[in-house]
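These notes are about the structure you will find just below.
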Amino acid sequence: MAFDIDMIKGVYANMAERVDKAREIVGKPLTLSEKILYAHLWDGTPTKAFVRGKDYVDFAPDRIACQDATAQMALLQFMQAGKPKVAVPTTVHCDHLIQAKSGAAADLKTANSTSAEVFDFLESVSNKYGIGFWKPGAGIIHQVVLENYAFPGGMMIGTDSHTVNAGGLGMVAIGVGGADAVDVMAGMAWELKFPKLIGVRLTGKISGWTAPKDVILKVAEILTVKGGTGAIVEYFGPGAKALSCTGKGTICNMGAEIGATTSTFGYDDSMERYLRATDRSDVADAANKVREYLTADEEVYANPEQYFDQVIDIDLSKLNPLLNGPFTPDLSTPVGKEMTKKATENDWPMQVEWGLIGSCTNSSYEDLSRASSIAQQALDKKLKTKAEFGINPGSEQVRFTAERDGILGIFEKLDAKIFTNACGPCIGQWARYSDPKNAPKNSIVHSFNRNFAKRADGNPNTHAFVASPEITAAIAIAGRLDFNPMTDTLINEDGEEVRFEEPTGWELPPKGFEVEDAGYLAPKEDGSSVKVVVDPTSERLQLLDPFEPIQNESLQNVKLLIKAFGKCTTDHISMAGPWLRFRGHLDNIANNTLIGAVNAFNQKTNLVKNQLTGEYEGVPDTQRAYKAKGIKSMVVGDHNYGEGSSREHAAMQPRHLGVAAVLVKSFARIHETNLKKQGMLALTFANENDYELIQEDDIFNFVDIADFAPDTPLTIEIVHADGSKDTIKANHTYNDAQIGWFREGSALNVIKKQNAA
Ligand code: F3S
């Protein structure tokens, strides 16, 4: 489906030269991750070795994928770049904005009506700028990407954390914020800290009730939710080769849950089978020609301790099915008796009310077929399902094929709800309750990836446990959290004691994949005549105006907006939840700016002193009052300011409202870069203790802003309410190009100017 074989061949044509050169420079055998990274340097053939976990490197990704929630602001920004087409193959996937309620047909109809303007906007922008568009109902972004675009040895970025799923087909695929995607769409390099490398050696073979999902649930138990931070996890060993391609996708997908930059596997026969089954034999043929470059050098896997920063060993023959949760994906419990103990001790509801199968993590044909083998046994053995079943197929191709092969029919006989091929309950798009905040305590089991409080249904009392699709099916049928299908029996409708046999399934559909309308719309070859229409009265979408540069003169008499106390993540700066609705409308979403940040002077959120009136008001209201008077303001913060997601809204909103500078003890790097890209000042206290000098009524003068230059701290004069003054130094990390962004008003303004020249 519209994948670009010439682009892929181009990547492979350069691979040998670049990887051989990298090996020579690094001076030792290379892991697969290093091969892919060095083959995708922005400057082409490598000229130096990079230090893992330290050096920032410019890369040239091969592809971009965006989902409908994040694509809105990304595309609105891209439209500012003044480019006729995206520079790199890009696709948009409508999967997040579809609520699961009654079943696929009705739910899709509702979404197509309630989010019509967003879908129409995304479709027309895609058509205009050469972006492939996947309609609502076409499938979940990462399943569609795996089926159509992922290729061994490629590099992809995507505006969704589970972009990493494409590691199942041997890619280095990384989730990024919209601002990064826009840069690459506009033809710029993409910067990443050269990752550390974690090797996971898989020996033995999974069998019986154990599934690929259990591999990553085990890795999450070992590494915890932070253990993969800043690293690529590379799986290898005989156990890896024995896993299916979509199973590898599951494992890579949940690498996001351990904080990993991404995860990947070397090219092998399972990937070749998957490529051929998904109508990409030409990609398989091309990959076969460079096979040795699509996996690590032999010596690396023979002595991994010498080449990875950390090595983990898992014997798949000894791995048992796990249930991870509740509320965190790294809390592992083996299926069975141990759960009886833990659930009793922790007062987790033992009765299971829903079993949900799907999400980008586990919605492949293989997943559905294995889970359906358990559902079929329930029918054959006259078992009544105790919990309700919900199924989200990963793509229309999977759904169509699974329906043709009778798989969905089996679930339907158990009264399962077949939801749209979309994210649905995985992202809280599940109309389970009318009043989720006051809904009862309960347990659910699902084959998704995230299980934080409220994630699935908005109910803080829902205890969500993550398991493989087959275990999810068995537990849903039994209706008990501590049911062990390997040893326990159930009583059927005739009062007989029955037991499940091991699940069975197909790695790939025996009769091949089939689909009538995959839901793909190719863009026009020449989109210049396509009009992008945004209703000026829309509350969800708003075309962007370029940011005006912040003039030196306006950096005198700058007022303090808020001195944030303690943790201030991107979620504190731009909250999610109901605000997601306004992701494409900068002015509306700006009404949540910093409402989660704690004011250091009163320890309250969203209550700061308006220096114009002396009254205490909400942060956005106060800032809008300053903006109305043309007064610039500054935000002061603590350590690691802006940690969390790479959400560019956290930089765009303050910028839109007139905040000129953010001065903190330290930044989360992505947020610091995002502030720079939006043409703001991102500064750190040269002396951390100066944070204490900042008072509620302070005014700031940037005395030497006219001399803003790389490697030279700025001087800020602080004028306190009593007229006394302090002068402090503020460090920054701007290089010449980034100072250019500040002087022009934003990075996009610079790109636009270059295009016009
Ligand atoms: Fe969608 Fe859930 Fe994946 S929200 S992209 S199915 S993590």
Rounded, prolate or oblate (a/c below 1.5 giving rounded, otherwise prolate when a/b exceeds b/c) for segment 457-563 by Cα gyration tensor: oblate
Check: segment 322-498 dipole with +1 on Lys, Arg Cβ and -1 on Asp, Glu Cβ, in debye: 480
Calculated Rg and Dmax of segment 341-442 using C-alpha coordinates, Å: 15.0, 45
Alpha carbon centroid spacing (whole Å) that separates segment 409-481 from segment 177-199: 34
Stokes-Einstein D (µm²/s) once Rh is taken as the Kirkwood radius of segment 663-757 over alpha-carbon pairs, at 4 °C in 1.567 mPa s: 90
Over segment 643-757, relative contact order from alpha-carbon pairs under 8 Å, at least 6 apart, %: 24
Footprinting exposure proxy for D704, D535, D330 (fewest neighbouring C-beta atoms within 10 Å first): D535, D704, D330
Measure of compaction for the chain (Cα Rg per 2.2 N^0.38 Å): 0.96
Global form of segment 322-498, assessed from the alpha-carbon gyration tensor, a/c cut-off 1.5: oblate
By average C-beta atoms within 10 angstrom, highest first, the peptides 510-518, 683-691, 179-187, 446-454: 179-187, 446-454, 683-691, 510-518
Whole-number Å³ per residue for the convex hull built on Cα positions in segment 552-756: 118
Kirkwood-based shape ratio for segment 24-173, expressed as Rg/Rh from alpha carbons: 1.06
Within-12-Å neighbourhood charge of E221 [Cβ basis; K, R +1; D, E -1]: -2
Charge tally in the Cβ shell below 12 Å around G336, where Lys, Arg are +1 and Asp, Glu are -1, G336 excluded: +1
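Counting alpha carbon pairs within less than 8 Å and at least 6 residues apart, what relative contact order, in whole percent, applies to the chain?
Over the chain, the number comes to 13 percent.
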With eigenvalues of the C-alpha gyration tensor scaled by 5 and rooted, segment 580-639, Å: 19, 16, 11
Qualifying trypsin sites (Lys or Arg not before Pro) for segment 21-73 [loop in DSSP, other Cβ within 10 Å: at most 13]: K48, K54
Amide proton proximity set for V533, modelled H, under 5 Å, gap of 5+: none
Percent RCO, i.e. relative contact order, over segment 552-756, from Cα pairs under 8 Å lying at least 6 residues apart: 21
Cα gyration tensor, segment 130-280 - rounded (a/c under 1.5), prolate or oblate: oblate
Spin-label model distance (nm) - L612 vs L379, 7 Å beyond Cα toward Cβ: 6.7
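Read the figures in this text as sums done on the coordinates, not as results from a lab. Everything numeric here is computed off the predicted structure, so don't read it as measured data. Every residue, glycine among them, receives a Cβ derived from its backbone with ideal geometry; neighbour counts consider all protein chains shown.
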